[in-house]
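The values are calculated or read from the model by the stated rules, or taken from the named source; none is laboratory data. Small disclaimer: the values here were computed from a predicted structure and weren't measured. For neighbour counting, all protein chains shown are included, and Cβ atoms are generated from backbone atoms with ideal geometry for every residue, glycine included.
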């Protein structure tokens with residue numbers, strides 16, 4: 001099953017439209033670190049993380065890993081770990097995956113800028129839980145928790161997410 005994301009904030013799969021939040025910088029084919037844009041393109045979904053202290057393991061055909069309080073993601077383009085999962089503490093710029101809000105209770109890692117990683121082209125592009133008011137993300141695709149659980153249950157290692165910029 002493929003997921004199709006349109007720049008108007010709609011995710012479609014099997015013909016069903018779901019509201020989603022996208023990056024505050026819109027959708028861009030020329031994504032750069034810090035621009036707040038969601039990258040346009042066709043990407044794999046690599047794996048899922050979830051908060052085992054808050055939710056049961058979600059059903060999915062994707063590789064699944066429980067988050068720990070010391071999990072992070074490097075968003076420092078000067079570091080060799082750029083755009084990869086890192087243990088905390090980490091002395092480079094990074095994002096904490098264990099958050100106080102519920103936005104990262106489920107994280108699907110979108111395979112953007114990861115094979116190979118190119119410094120400065122953007123990092124930490126995830127499919128995750130949307131804020132209640134669908135506030136724009138920093139470049140991710142975000143769905144209501146119930147929609148996200150439904151979608152990832154239908155995903156496996158062959159699933160692609162196509163993010164359209166027009």
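Summary of values
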read-out: Residue satisfying all of: in region 1-12; surrounded by 14 or more Cβ atoms within 10 Å (Cβ to Cβ) and more than 15 Å from the chain's Cα centre (by Cα); nearest to residue 144 (Cα to Cα) among these; value: 10
read-out: Residues located in region 72-120, provided they are more than 27 Å from residue 151 (Cα to Cα) and touching a strand residue (DSSP E or B) at 6+ places or on another chain (Cβ under 8 Å); value: 76, 81, 82, 87, 88, 90, 92, 93, 94
read-out: Residue count for region 27-58, restricted to those that are in contact (Cβ under 8 Å) with a residue 60 or more places away in the chain, part of a loop (DSSP other than H, G, I, E, B) and more than 15 Å from residue 151 (Cβ to Cβ); value: 8
read-out: Residues of region 123-148 satisfying the condition of being farther than 17 Å from residue 6 by Cα and within 12 Å of the chain's Cα centre (by Cα); value: 123, 124, 129
read-out: Segments classed as strands (runs of 3 or more DSSP E), wholly inside region 67-148, with at least 1 members that are within 19 Å of residue 35 (Cβ to Cβ); value: 71-74, 94-96, 106-110, 126-129, 141-143
read-out: Among residues of region 9-64, those that are modelled with pLDDT under 95, closer than 19 Å to residue 106 by Cβ and out of contact with any helix residue (DSSP H, G or I) (no Cβ under 7 Å at 6 or more places or on another chain), counted; value: 1
read-out: Flag if residue 75 is within 21 Å of residue 138 (Cβ to Cβ), under 14 Å from the mean Cα position of the chain (by Cα) and touching a residue at least 40 places away in the same chain (Cβ under 8 Å); value: yes
read-out: Residue list for region 13-26, filter: surrounded by 13 or more Cβ atoms within 10 Å (Cβ to Cβ) and not in a strand (DSSP E or B); value: 22, 24, 25, 26
